[in-house]
1. Look at the range A:94-114 and say how many of its residues are among the charged types (D, E, K, R), touching a Lys or Arg at 6+ places or on another chain (Cβ under 6 Å) and more than 11 Å from every other protein chain (Cβ to nearest Cβ).
2. On the basis of being free of Cβ contacts under 8 Å to residues at least 24 places away in the same chain, surrounded by 15 or more Cβ atoms within 10 Å (Cβ to Cβ), within 12 Å of chain B (Cβ to nearest Cβ) and within 30 Å of B:Asn65 (Cα to Cα), does A:Glu36 make the cut?
3. From A:Ile51, A:Ile70, A:Ile43, which residue is surrounded by 19 or more Cβ atoms within 10 Å (Cβ to Cβ), within 14 Å of chain B (Cβ to nearest Cβ) and in contact with a strand residue (DSSP E or B) (Cβ under 7 Å, 6 or more places away or on another chain)?
4. Report yes if some residue within the range B:25-46 is within 14 Å of chain A (Cβ to nearest Cβ), in a helix (DSSP H, G or I) and among the hydroxyl-bearing types (Ser, Thr, Tyr); otherwise report no.
5. Yes or no: B:Asp96 away from chain A (no Cβ under 14 Å), of a type outside the set (A, V, I, L, M, F, W, C) and over 19 Å from B:Arg32 (Cβ atoms)?
6. Do we find that B:Ala58 is assigned to a loop (DSSP other than H, G, I, E, B) and either of a type outside the set (D, E, K, R) or free of Cβ contacts under 8 Å to residues at least 40 places away in the same chain (or both) in this structure?
7. Restricting to strands (runs of 3 or more DSSP E) lying wholly in the range A:18-116: which have 1 or more residues that are more than 21 Å from B:Ala54 (Cβ to Cβ), touching a His at 6+ places or on another chain (Cβ under 7 Å) and among the charged types (D, E, K, R)?
Amino acid sequence: MEDVKPRIGVYYAQNATIVTLTDEKILEDEDIKALEESIIPLIEGHVNLVIDFSSVQFLSSAVLGLLIRISKKINEHKGKLKLCGISSRIYEIFKITRLDEIFDIHEDAKKAMLSLK
Amino acid sequence: MPVFVFDDKQSMTLKTTIHEKIVLKGIISELRTVCAKIMSLGKTLNYSGDDLFAIHLAMEEAIVNAVKHGNKQDTNKTVSIEYDVSPEKMDISVADEGRGFDSTHLADPRLSENIYKMGGRGVLLIKSYMDEVEYSKTGNTVRMLKFNSRHGKTGGQQNGLDSSTSS
């Protein structure tokens with residue numbers, strides 16, 4: 001059996017919750033559903049969320065849909081969503097789909113956190 | 001079975017061409033094994049990391065589209081993947097048993113009215129990442145071509161989808 005997925009790390013900072021995605025590839029429907037089920041409870045109420053992609057080397061458009069769902073949920077509660085640690089190859093996916101224009105993307109978690117101050 | 005064609009010097013780097021057609025039940029996890037095989041061939045043939053990322057992404061999107069939108073998740077329907085892989089280019093077709101669609105009339109997911117939609121980006125990504133993309137008239141087969149960026153800058157003018165490809 002494969003490892004239980006998705007593996008995420010959750011850290012609570014002063015002004016944000018940081019979710020670190022630890023899988024290299026995020027593709028499977030089950031993984032995306034499980035990610036959603038892990039993240040949605042973290043953003044009930046007003047929360048600033050930072051999602052750190054620095055371990056992720058490959059993802060498909062299905063993940064973009066999940067990010068939009070998360071973004072809508074956070075916006076409902078007037079929180080802020082920051083993405084960080086996105087590799088240049090994956091950033092290209094955001095650029096092509098123009099999602100780089102609607103997501104606030106930072107180089108790393110530290111810079112994402114600073115942008116919330 | 002793949003056919004390896006060697007040149008006079010028994011070099012795999014010049015004239016290796018692999019042709020295969022694989023027909024599987026429309027189950028994404030099984031179809032991904034074909035994608036993994038093509039990735040492995042690409043690595044062997046020295047395709048760049050960027051090229052392999054592009055091919056992987058396009059295949060993933062094409063497979064998911066074939067199973068979900070084409071076959072409507074009916075696992076009794078098949079998806080066939082046919083490929084010609086050479087050191088110069090990868091020519092990959094993914095066909096489903098669905099009714100097909102008109103790829104020229106898809107909503108543009110980049111427009112403001114669509115940008116917050118959950119899906120609809122797969123075809124855009126396929127067209128963006130592959131060098132040439134063609135949908136069959138019936139709309140249930142996508143043929144995708146990617147040139148090996150390390151294999152000289154031959155471009156797609158004389159060797160593209162409009163000309164015949166040998167296997």
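1. 1
2. no
3. The unique qualifying residue is A:Ile70.
4. yes
5. No: the conditions fail for B:Asp96.
6. So B:Ala58 fails the test.
7. Counting at least 1 such residues, we get A:81-84.
No value in this document is a laboratory result; all are computed from the given coordinates. From a predicted model like this one, the values you see are computed outputs, not experimental measurements. As a convention, Cβ positions derive from the backbone with ideal geometry for all residues, glycine included, and neighbour counts pool all protein chains shown.
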